[in-house]
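The values are calculated or read from the model by the stated rules, or taken from the named source; none is laboratory data. Just so it is clear, the model here is predicted, and its values are computed rather than measured. As a convention, Cβ positions derive from the backbone with ideal geometry for all residues, glycine included, and neighbour counts pool all protein chains shown. Heavy atoms of the whole protein, side chains included, go into the accessibility calculation; ligands, DNA and RNA do not. Shrake-Rupley method; radii C 1.70, N 1.55, O 1.52, S 1.80 Å.
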Amino acid sequence: MATEKIGVGSGQRISMLKVLNPFHIWALGVGIVLVGEFMGWNFTVGKGGAYASLIACWVIGLLYTCVAMIDSEVTSTVAAAGGQYTQAKHIIGPLMAFNVGLYLVMAYTMLCAADALVVGDLMKSGAAVMGYADLDTRPFVVLTVAFLAWLNYRGVFMTLTINLVITFLAFMSLVVLFIAVNPLSQGDVLQHQGLLTDLPYGWIGVVAALQFGMWYYLGIEGTCQAAEEVRSAGRSIPLGTMGGIMTLLVAATITWFVATGLMPWQYLGQAVTPMYDAASLLGNTNLQLMLFMATAFAAIASANGCINDASRAWFSLGRDRYMPVFFGAIHPRYRTPYRSIMFLVPIAISFAFTGLLDQVITFSILSGLLGYTFMSFNMVKFRKMWPLESIHRGYIHPFHPLPAITLFVLCCATYFATFLGYGASLLSIMAFYIVASLWFVFRRYQYVKRADQFTMPWPRPKGY
Amino acid sequence: MKKHYSPPSQGIFGQIFDSLFILVLVYASLMIPLLLKAEEKAESAAAAVQAAANATWESLGQNAVQQAQWIKLGYGPEEAAVLINDRFDYTIDPLMLVITIAVIAGYFIFMLTVSKRQYREVIAEKFD
Amino acid sequence: MIFWDVLTYAAWGLSAIMLMWMVVDAFMVSSQYDEEFLMSSREGEDEVMHGVELDGENK
């Protein structure tokens with residue numbers, strides 16, 4: 001190489017662009033989750049009946065409210081790409097941080113694969129309606145991932161602005177559907193009296209429903225991945241996250257109300273696109289078309305947010321050398337973790353093509369759940385090691401330690417639910433994390449610089 | 001003042017190996033449960049179809065409103081019976097439950113213990 | 001229907017173009033910029049780090 005490369009010995013530091021505002025944070029959080037209201041949540045109905053689904057919706061809503069409160073406090077203090085990963089590194093320790101990083105990458109990459117599959121299937125059913133059977137879904141799955149990766153590569157601002165628009169449209173479609181079913185006059189369109197039954201499996205079914213109840217909200221905690229790219233993170237992230245969880249609580253309840261008033265629970269419990277079916281039952285072509293588009297938008301927004309979050313987490317792992325340092329690079333023009341984004345493309349596509357959608361989703365949900373378990377004791381330690389007055393916090397959540405304890409108890413119940421439905425998968429996924437942890441301790445950790453992991457300007461933690 | 005730990009730098013092949021290792025591990029854990037479950041599914045599916053023959057709305061316990069919605073969805077009693085009779089089995093195997101609890105608890109305890117040791121090292125190097 | 005066949009090929013083609021574009025761009029960046037510089041970002045370098053909220057910062 002004859003010419004000198006740009007940036008040699010300049011002492012300049014590269015960083016991500018700080019361009020996002022609270023609305024982008026809202027779009028990132030809600031965008032990932034909202035697809036769950038169009039499909040997936042209804043498996044709770046299959047697990048325990050319609051009322052079990054509603055109970056799961058609210059109990060898991062409580063779990064996520066705790067998650068949002070805890071996350072907001074810690075992130076308003078530890079503002080770095082990597083979110084919970086960075087929190088774990090500063091509060092619990094390196095091995096925990098490595099595991100949390102993996103939870104994030106796995107949960108989001110697998111969710112992204114599932115979303116891309118949804119887009120492919122929608123294209124197929126759209127083609128079938130227009131008279132072309134057996135459309136090959138694969139090019140559309142690949143196109144979804146490729147296009148969104150390209151968008152992410154080219155900059156975070158455009159990526160999340162698009163997410164804001166399509167998420168908002170998808171959310172509005174749920175509101176329109178709610179108005180269209182004439183919610184105040186029972187028996188007109190909605191038939192709750194005739195369709196709602198007692199708990200078909202008793203209370204064990206309610207517990208079992210908790211697992212897929214996570215589908216109503218899974219991914220809202222991804223908001224803190226954007227911490228390095230948002231202006232005044234200490235204020236924007238709590239605002240965006242709390243706004244997001246409120247939106248989702250409303251959306252989840254509307255969704256349940258409309259769907260259970262139109263379909264027998266046995267059908268709903270296995271439906272692939274329940275909201276689209278709901279619109280079809282109303283016999284209005286415009287509504288049907290709207291729900292079709294909204295489902296596609298929600299799936300795209302979700303995949304988009306997942307690529308954003310997974311790449312930030314993978315990037316942070318690389319930057320700290322937990323994973324190969326190669327991935328810790330930032331694009332000099334677009335200021336995105338471009339290598340991580342590219343790396344995740346073939347992985348997401350390969351997950352989508354395994355045909356193991358069930359496993360992939362279970363893996364995603366369980367990785368999320370492991371992350372929430374971590375948050376509960378993380379919060380307790382955080383308050384203990386750095387009491388309130390010792391460091392500046394952008395947001396302080398009320399009623400500590402009640403949210404942390406509630407979160408922990410609900411997590412245990414959800415593990416039990418996963419055990420009921422997917423016992424074998426649960427053990428095999430745990431085996432994955434155990435082997436990965438051993439690998440980290442005995443091989444990978446030798447490449448990590450010890451003191452460099454602690455980057456916050458905090459005083460020495462109490463008790464260490 | 002203690003000497004700081006300085007890590008070796010990793011070559012390109014080591015980096016590729018480490019990335020691939022995690023990937024292989026993920027695929028393995030996705031495939032394993034599939035091998036265990038394959039036979040069970042085939043059996044239960046066959047049984048469900050058999051039970052569905054000759055079903056009527058009355059024998060399925062569907063009231064008038066439910067029947068109407070099934071029909072709107074394009075289901076007759078025999079098709080609906082497959083969905084209605086497909087019930088989950090929530091019997092708990094106590095041994096499996098104990099094993100699962102032990103695995104999850106063991107995992108977290110192991111992780112917290114090792115993390116704590118590593119964390120003390122980080123704090124010592126950073127603040128001493 | 002020919003429309004759907006064309007659409008399928010278009011989807012493959014577009015994906016390939018976008019993926020290739022990213023790979024080429026990544027190579028160009030590596031050849032133009034110093035590796036150390038690309039990896040020089042540091043965690044948590046912002047206003048929260050110093051414990052002060054810079055309120056009027058987006059002037």
Fill in: Pairwise burial A:C, computed as accessible area of each alone minus the pair, summed, 1.4 Å, Å²
4600
Worksheet item: If you count, for each residue, the other Cβ atoms within 10 Å and average over each peptide, how do B:13-22, A:319-328 line up from highest to lowest?
Response: A:319-328, B:13-22
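In chain A, once you exclude exposed GluC sites (Glu not before Pro) (DSSP loop, at most 12 other Cβ within 10 angstrom), what's the longest stretch remaining? Walk me through the intermediate numbers first.
Working: sites that count: A:GLU4, A:GLU389.
That would be A:5-388.
Please compute the average number of Cβ atoms from other chains found within 10 Å of each residue's Cβ in peptide A:41-51. Intermediate results must be reported in sequence, preceding the final value.
On the way: counts 0, 0, 0, 0, 0, 4, 2, 2, 0, 0, 0.
Mean shielding by partner chains, rounded to a whole number: 1.
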Discussion item. Give me the percent of accessible area attributable to carbon and sulfur for chain A, probe 1.4 angstrom.
Written reply: 68
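Are there DSSP H segments in chain A that both extend 18 Å or more along their axis (alpha-carbon positions) and score a mean Kyte-Doolittle hydropathy of at least 0.5? List them, or say none.
Numbers: long enough: A:22-38 (24 Å, 1.54); A:50-75 (36 Å, 1.45); A:94-129 (52 Å, 1.33); A:138-153 (22 Å, 1.29); A:156-180 (36 Å, 2.46); A:233-260 (40 Å, 1.22); A:285-319 (51 Å, 0.61); A:338-353 (23 Å, 1.65); A:357-385 (41 Å, 0.72); A:402-442 (37 Å, 1.84).
Going by DSSP H runs, the hits are A:22-38, A:50-75, A:94-129, A:138-153, A:156-180, A:233-260, A:285-319, A:338-353, A:357-385, A:402-442.
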Discussion item. Counting only other chains, and only Cβ atoms inside 10 Å, what mean value do you get across the residues of A:426-437?
Written reply: 6
Fill in: Estimated distance in nm for a label pair at A:SER125 and C:PHE3, the labels positioned 7 Å out from Cα along Cα-to-Cβ
2.0
Worksheet, complete the sentence: Around A:GLN12 (Cβ within 11 Å, Cβ-to-Cβ, excluding A:GLN12; K/R +1, D/E -1) the net charge comes to -1
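Which entries of A:LYS47/A:LYS89; A:LYS5/A:LYS89; A:LYS18/A:LYS89; A:LYS18/A:LYS381; A:LYS47/A:LYS381; A:LYS5/B:LYS116 have Cα-Cα distances beyond 32 Å here? Show your work: numbers first, answer last.
Working: A:LYS47/A:LYS89 37 Å; A:LYS5/A:LYS89 34 Å; A:LYS18/A:LYS89 23 Å; A:LYS18/A:LYS381 30 Å; A:LYS47/A:LYS381 36 Å; A:LYS5/B:LYS116 42 Å.
Among A:LYS47/A:LYS89; A:LYS5/A:LYS89; A:LYS18/A:LYS89; A:LYS18/A:LYS381; A:LYS47/A:LYS381; A:LYS5/B:LYS116, the Cα-Cα distance tops 32 Å for A:LYS47/A:LYS89; A:LYS5/A:LYS89; A:LYS47/A:LYS381; A:LYS5/B:LYS116.
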Worksheet item: Going highest first, how would you order A:379-385, C:17-23 by mean Cβ packing within 10 Å?
Response: A:379-385, C:17-23
Worksheet entry | Protection proxy ranking of A:408-415, A:147-154 - average other beta-carbon atoms within 10 Å, highest first | A:147-154, A:408-415
Practice prompt. Could you give log10 I(q)/I(0) at q = 0.06, 0.09, 0.11 Å⁻¹ for segment A:22-447, computed by the Debye formula over C-alpha point scatterers of equal weight, without solvent?
Written response: -0.23, -0.52, -0.79
Worksheet item: So what's the gap between the Cα centers of segment B:72-128 and segment A:265-326, to the nearest angstrom?
Response: 23
Worksheet item: Using 7 Å Cα-to-Cβ label points, what is the B:ASN85/A:HIS392 separation (nm, one decimal)?
Response: 6.8
Practice prompt. Springs between alpha-carbon atoms under 10 Å, Gaussian network over chain B: tell me which of B:ALA55, B:ALA81, B:ALA28 tops the mean-square fluctuations.
Written response: B:ALA28
Worksheet item: Heavy-atom accessible area per residue, chain A, 1.4 Å probe: how many Å²?
Response: 30
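With every protein chain present, what is the per residue accessible area of chain B (1.4 Å probe, Å²)? Display every interim value, and only then the final one.
Values: 8170 Å² over 128 residues.
Ligands and nucleic acids excluded, the figure is 64 Å² per residue.
Over all pairs of distinct alpha carbons, what does the Kirkwood formula give as the hydrodynamic radius of chain B, in Å? Walk me through the numbers before you get to the answer.
Values: mean 1/r = 0.0466 Å⁻¹.
Its Kirkwood hydrodynamic radius stands at 21.5 Å.
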Practice prompt. Can you grab the distance from the C-alpha centre of segment A:1-78 to the C-alpha centre of segment A:82-133, Å, no decimals?
Written response: 11
Worksheet item: Nearest 10 degrees, 0 to 90: what angle lies between the long axis of helix B:94-127 and the longest principal axis of chain B (Cα atoms)?
Response: 30
Worksheet, complete the sentence: By the rule of no other cysteine beta carbon under 4.7 Å, the lone cysteines of chain A are A:CYS57, A:CYS66, A:CYS224, A:CYS411, A:CYS412
Worksheet item: Carbon-plus-sulfur fraction of the accessible area of chain B, 1.4 Å probe, in percent?
Response: 66
